[in-house]
Amino acid sequence: MNPAQLREQIVGQSREFFALQHSPKAFVPGQSYIPVTTKVMDADDMASLIDASLDLWLTAGRYSKEFEAEIPKFFGRTNSGLLVNSGSSANLVAVSSLGSRLMRQFKMRPIEKGDEIITAAAGFPTTVNPILQNGWKPVFVDVDLKTLNALPEAIMAAKTSRTRAVVLAHTLGNPYQAKVLADWCAREDLYLVEDCCDALGATVEGQPVGSFGHYATLSFYPAHHITMGEGGAVIARDGKLRRVAESMRDWGRDCWCEPGQDNTCGKRFSQTLGQLPCGYDHKYTYSSIGYNLKVTDMQAAVGVSQLKKVARFVEARRANWKALHAGIQSSPKLREAFTPVEPTPGTEPSWFGFPIHCSESIDREKVVRQLEERKVGTRLVFAGNLTKQPAYEGADYRVHGSLQNSDFIMKQTFWIGVHPALTAAHLQYMLEQLEAVIPLSKK
């Protein structure tokens, strides 16, 4: 048996192993826990993972190249995808790239110390952290309770002469008005970064989220729309911005050679950059203060397989959201106690979860505790009002206007799952338990 035949046999047996070891378990109401998120994988994913592992190419390789070529297509882009090791790293790379010295090479003005970046107060820390880590000032604005997103008018009103960018997440897969913001940013000469980590497949006026900004970011953690275990991606608007982000991801180096390759530019020993000696090895010349945030090819192999399922996963999430929404609207008790978040007008969300506002008479903490006891998983809307988190005590930020809605979300809002592994039986049980906890949860 030659190596190719043996590889085929091993990969084939991995499919058999998946069927034996990882088949879905039957749902037992009241006994089976319903997680808010979970990975949905099949034998193809395992086969792809095993195939990549047999190469023993442990850093980025053939699968990484395939994934980076395919993922931009979901955003109407070409040749602009960049794999990183997490969604948090994607935000770090995208935001930090806006301050890179390389920006000047491409006739773009980098963000400088003390400049301001507008973002939402109700969100996830890793959308904000890179702003602070670069020495820039976050400017927090409130969000709309109906959609959980900052409204364009709030963003616009927060602008000052020091404002250089807007960095916003499409909250829980519900898009914000990205086209309006992108047009405004273009007029005002501001950068726009779209955090799409929860929103793969969502659209604004028929156009994919992530196609409006200078950079878009994605997460492939098991909780997200597709997974590769740990992983993320940066989608750049064009090749120049991708080049800047690649340097930021790859130690900050000026060289763009692929792993295992040398002298792609033909000038490895013939350039003078910075104050280095003439001919200093280009592979060890650094133009950005960067990191090493690459992935393994085994992670990318799982991602390549998962990409083929995006449409199905997104449709399942939308269908599950609609079922839960209809269930609440059809029950007078549920309508009185809970108000679901609604899609942003003119958009088609790719729901990450089913967010719910509790009425003022409801004790949110009792609700989520009792739902968990009844095996229904819950989560809060991430950090709530970020300015109330201990991590940001003493941080240099500015607040524009009231954050009353962010405070309300911090106290009265939670979400339950809509992931593709849910069945009609899961959804019915979740609705039944929401109704069951209402009498027990009065303040």
* Count - residues of region 46-68 that are surrounded by fewer than 19 Cβ atoms within 10 Å (Cβ to Cβ) and touching a Gly at 6+ places or on another chain (Cβ under 7 Å) -> 1
* State whether one or more residues within region 13-29 are surrounded by fewer than 21 Cβ atoms within 10 Å (Cβ to Cβ), free of Cβ contacts under 8 Å to residues at least 60 places away in the same chain, over 30 Å from residue 315 (Cβ atoms) and not assigned by TED's automatic domain parsing to the domain that holds residue 246. => yes
* Does residue 290 satisfy the criteria of being surrounded by 17 or more Cβ atoms within 10 Å (Cβ to Cβ), in contact with a Gly (Cβ under 7 Å, 6 or more places away or on another chain), assigned by TED's automatic domain parsing to the domain that holds residue 170 and under 23 Å from residue 164 (Cβ atoms)? -> yes
* Structure fact -> Residues of region 148-163 being crowded, with 23+ Cβ neighbours inside 10 Å and either part of a loop (DSSP other than H, G, I, E, B) or touching a residue at least 40 places away in the same chain (Cβ under 8 Å) (or both), in sequence order, are 148, 149, 150
* Structure fact -> Counting only helices (runs of 4 or more DSSP H) wholly inside region 28-143, the ones holding at least 1 residues that are closer than 30 Å to residue 8 by Cβ are 43-55, 62-70
* **Scan of region 141-166 for residues that are closer than 8 Å to residue 118 by Cα and in contact with a Gly (Cβ under 9 Å, 6 or more places away or on another chain), ordered by number** => 141, 158, 166
* Residue check: is residue 87 in contact with a Cys (Cβ under 6 Å, 6 or more places away or on another chain), surrounded by 20 or more Cβ atoms within 10 Å (Cβ to Cβ) and in contact (Cβ under 8 Å) with a residue 12 or more places away in the chain? -> yes
* Taking the stated definitions as given, is residue 104 of a type in the set (Lys, Arg) and not assigned by TED's automatic domain parsing to the domain that holds residue 164? -> no
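The values are calculated or read from the model by the stated rules, or taken from the named source; none is laboratory data. Note that this is a predicted model, so its numbers are computed, not measured. Every residue, glycine among them, receives a Cβ derived from its backbone with ideal geometry; neighbour counts consider all protein chains shown.
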